[in-house]
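J.: Please find one structure pasted underneath; my questions will follow.
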Amino acid sequence: MQNIAIQVQDDYVGDFMNYVNNHSDNIVIKQDKNLELDPYFYERQKKLHQIRDDIKSGKMEMLSEEQYEKEIEQFFLEFEK
């Protein structure tokens, strides 16, 4: 069996579900808990993995907490001017 993601137009859900019910021996529908909690879960996951890879490769710098605090403080000082 293969898993695939399917997007169905709102006005076609009823017809789609009828099709699935008529072919229920061959099709199983399972809700993805990740998508229930966050509809953009997989897009965010992909972006976070890319950020982590960029940090590991040196393409992006990860600031320490102290560096972050200094940069945020400097940003707000410049912002208030």
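The values are calculated or read from the model by the stated rules, or taken from the named source; none is laboratory data. Since we're looking at a predicted model, the values are computed, not measured. Don't worry about glycine lacking a Cβ; one is built from the backbone with ideal geometry, like all the others, and counts go over all protein chains shown. Areas reflect the complete protein model, heavy atoms only, side chains present, ligands, DNA and RNA absent. Shrake-Rupley method; radii C 1.70, N 1.55, O 1.52, S 1.80 Å.
J.: Tally up the residues in the stretch 33-81 that are within 30 Å of MET17 (Cβ to Cβ) and either touching a Phe, Trp or Tyr at 6+ places or on another chain (Cβ under 8 Å) or hydrophobic (A, V, I, L, M, F, W, C) (or both), please.
T.: Adding up the residues that qualify gives 4.
J.: Step by step: first the residues of the stretch 48-70, then only those that are of a type in the set (Ser, Thr, Tyr) and loosely packed, with under 10 Cβ neighbours inside 10 Å, then the one that is farthest from ASN3 (Cα to Cα). Which residue is that?
T.: Filtering first and then ranking leaves SER64.
J.: Based on this model, can you work out whether VAL8 counts as part of a helix (DSSP H, G or I), surrounded by 10 or more Cβ atoms within 10 Å (Cβ to Cβ) and of a type outside the set (D, E, K, R)?
T.: no
J.: Of the numbered conditions (1) closer than 30 Å to ILE4 by Cα; (2) among the polar types (S, T, N, Q); (3) exposed (fewer than 11 other Cβ atoms within 10 Å of the Cβ), GLN45 fails exactly one; give the number of that condition.
T.: (3)
J.: Just name the residue that is surrounded by the most Cβ atoms within 10 Å (Cβ to Cβ) out of those in the stretch 19-42 that are within 11 Å of the chain's Cα centre (by Cα) and in a loop (DSSP other than H, G, I, E, B). If you could, list the steps in order and put the result at the bottom.
T.: Filtering the stretch 19-42 for residues within 11 Å of the chain's Cα centre (by Cα) gives 34-35, 37-42.
Filter again for in a loop (DSSP other than H, G, I, E, B), leaving 38-40.
On the way: ASP38: 12, PRO39: 9, TYR40: 10.
Of everything passing the filter in the stretch 19-42, ASP38 is surrounded by the most Cβ atoms within 10 Å (Cβ to Cβ).
J.: Could you check how many residues of the stretch 71-81 are under 27 Å from GLN50 (Cα atoms) and open to solvent by 100 Å² or more (accessible area, probe 1.4 Å)? Walk me through it before giving the result.
T.: Just the residues of the stretch 71-81 that are under 27 Å from GLN50 (Cα atoms), to begin with: 71-72, 75.
With the extra rule that they be open to solvent by 100 Å² or more (accessible area, probe 1.4 Å), the set shrinks to 71, 75.
Count: 2.
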